[in-house]
Structures are given as C-alpha cells and as structure tokens.
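Data block below; observations after.
Computed from the coordinates by the stated procedures, all read-outs in this text should not be read as laboratory data. These figures come from a predicted structure and were not determined experimentally.
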Amino acid sequence: MTQGKNPRNFKKKGQRKKVQHPFAKKNWYTVLAPSVFETTEVCITPVTKTAAGRKESNRLKGRVFEISLADLKTDQPEMNWRKIRLQVEAVEGSK
C-alpha cells in the first residue's frame, strides 16, 4: 500500500448522492383572504417542511401576497389595475 493513502476514503465510481426535487421537501398551504372580500381562497404557497427547530407556521408568518382587487371582488372587474397586499398573520392547519 502506498504511504499517505487511506483506503477508507476511496469512493467507488458511479455512486453519487441522489438528487431530490426541491418541491419534495415542501408542504402546500392555502392562503385565505379576510371575510371582507367575496373570494376567500386567494392562492396556494409552498413552505419548507419543519426541520432544525424551525416550524412551518413560523416560516409562513409575515409573507406578503400581492393580488389584484378584481380577483378578490368578482362584481368589480374594472378594478383590475388596483393591487392589494395581504400579509399572513395566523396559520390554522393547512390554511
């Protein structure tokens, strides 16, 4: 054996780490609008699963979603130029 070489550090050819899709590590949550608007379910957003002491709910709180007013109020389609920002304050289940 050659001096200075450790046989335990040699890796076999062809063995590589499995590549995992980034969305496999995420859960999907439905974002709800306040009851003032006619449309309650605004969108669906991915959140990284709980790991290393950080909960999913903490990662979701504080996110801001920008939605047009026409999407929230169906009776006013001419208001599609006006945008409203919604911020996540609380998380209940998957909504």
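Brief remarks on what is shown
- Entries of Lys55/Lys83; Lys25/Lys73; Lys18/Lys49; Lys18/Lys95; Lys26/Lys73 with Cα pairs more than 26 Å apart: Lys55/Lys83; Lys25/Lys73; Lys18/Lys95; Lys26/Lys73
- Computed with the Debye formula from one identical point scatterer per Cα of the range 31-93, without solvent, the log10 of I(q)/I(0) at q = 0.13, 0.18, 0.24 Å⁻¹ comes to -0.41, -0.68, -1.01.
- Sequentially through the range 54-64, phi angles give Karplus couplings (6.51, -1.76, 1.60; θ = phi - 60°) of 9, 7, 4, 5, 5, 6, 8, 5, x, 5, 10 Hz, Gly and Pro residues having no value and appearing as x.
- Here the Karplus relation 6.51 cos²θ - 1.76 cosθ + 1.60, evaluated at θ = phi - 60°, turns the backbone of the range 78-89 into coupling constants of 6, 8, 6, 7, 8, 10, 10, 9, 10, 10, 6, 10 Hz, with x for every Gly and Pro.
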